[in-house]
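Structure first, then comments.
FYI, it's all coordinate maths here, none of it is from the lab. Treat the numbers as computed from the prediction; the structure is a model and nothing was measured. Here the Cβ is made from the backbone with ideal geometry for all residues, glycine too, and neighbour counts use every protein chain on show.
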DNA sequence: AGACTATATGTTATAATGTTTCATTCATGA
DNA sequence: TCATGAATGAAACATTATAACATATAGTCT
Ligand SMILES: [Zn+2]
Ligand SMILES: [Zn+2]
Ligand SMILES: [Zn+2]
Ligand SMILES: [Zn+2]
């Protein structure tokens, strides 16, 4: 049925006023489904960490996560968070932003991928792209130099539509 | 004179057997010239750190630099290295590789720019690109989303021509 | 159920990376 | 030569991440 509307992907830069509780609920439900399909275990701890990661649409540091997790689990320590993040990243539910030593929920976790990120330096809101043109431009130049690409890190900082002057 | 050969840029992936002492000497001489032109001060310490950074064509961590610097300056401490690196980065003589928490000498320091890096995971050799097609692909998608780009981090890992099987 | 196994989590310590602060030295120019 | 600002020395501290080992939990087999 080629004329059916596909489900709209979430806007790359959600409006500050959007119903973020729904984003979180969706992300958790999707994670549950995907882990179920894959035989991966989304334990209580991992679910809690994923929920904390999704508290905003911006990257959050491991120790900030830890502070918040401690409200839920008094004994939480750095490995508690890092181990959960490791599994969540393996499952493609969370990405790491190297520039910021921080983590963000994946916007399209259905298929494994490396994201490309547009990070607002003012409000932190971050859009995740998966733009073939960018990957292709990299791939093409690498190939010309005889370089076999494994991983691509693309992290762009700037101002999001809400924070941009004018 | 459109038919004159322009000076060849250094190969993005230098052969392992190349005369690297010449790379280092060229990099130091260029740095000297550029700093002279700009009224920036390439002090003895900064020159030493730049030379250590250029010991290879791969990224090197701040504490590895510190270890080596201590052979030359017994009292060196972390700020010794980080302060020198800060100045060298301001002058565009060194880039930071966020993925690796490491630093590498800039291959074309004449004009200020952010590099794009192809990093060999086997031997560490890293090529610095300044490929308009990559920057353009990013810029174009960002613009479409209303995002005003400030900085672009492009760090690609893989295997260089020398390390690639076949 | 009971024993076995693999996975997950708790707990403590430590490693790796990066910054702040204040004192001292050095270059430069009035 | 003295005043000034930049650069470096030195110590402490902050942040980010991992290692090592103990305990608990969840499935699996008998
Ligand atoms: Zn949201
Ligand atoms: Zn913003
Ligand atoms: Zn060389
Ligand atoms: Zn290589």
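Over all Cα atoms in the protein assembly as shown, the spread is summed up by Rg and Dmax: 22.5, 74 Å.
Would you calculate the convex hull of the Cα atoms in the range A:20-158 and tell me its volume per residue in Å³?
Spread over its residues, the Cα hull of the range A:20-158 gives 123 Å³ apiece.
Inter-copy label distances at residue B:114, shortest first and taken from points set 7 Å along Cα to Cβ: 1.7 nm. Shortest first, residue B:79 label-point distances to identical copies amount to 3.5 nm, with the label point at 7 Å from Cα along Cα→Cβ. Rounded to whole Å, the principal axis extents of the Cα atoms in the range B:1-100 read 53, 34, 26, largest first. Projected label points at residue B:111 and residue A:29, each 7 Å from Cα along the beta carbon direction, are separated by 5.1 nanometres. Rank A:27, A:77, A:142 by mean-square fluctuation in a GNM of chain A with C-alpha springs under 10 angstrom and give only the top-ranked residue. Among A:27, A:77, A:142, the largest GNM mean-square fluctuation belongs to A:142. Between residue A:37 and residue B:64, the FRET efficiency from the beta-carbon distance, with R0 = 35 Å, is close to 0.20. Looking at chain B alone, DSSP beta bridges between its own residues are antiparallel in about 65 percent of cases.
Helix A:132-145 versus the longest principal axis of chain A: what angle, 0 to 90°, nearest 10, using Cα atoms? The answer is roughly 70 degrees. Values of log10 I(q)/I(0) for the range B:121-166 across q = 0.13, 0.20, 0.28 Å⁻¹ run -0.44, -0.74, -1.04, by the Debye formula with one identical scatterer at each alpha carbon and no solvent.
Dividing the mean sequence gap of close Cα pairs (under 8 Å, 6+ apart) by how many residues chain B holds gives a relative contact order of 21 percent. With each label modelled as a point 7 angstrom along the Cα→C-beta vector, the residue B:74-residue B:90 pair spans 3.1 nm.
Summed over all non-identical Cα pairs, the Kirkwood treatment of the range A:47-124 gives a radius of 12.7 Å.
Across the identical copies, the label point of residue A:150 (7 Å from Cα in the Cβ direction) is separated from its matches by 3.2 nm, in order from shortest. For helix A:44-53, what angle does its Cα long axis make with the longest principal axis of chain A, in degrees from 0 to 90 and rounded to 10? Compared with the principal axis, the helix lies near 50 degrees.
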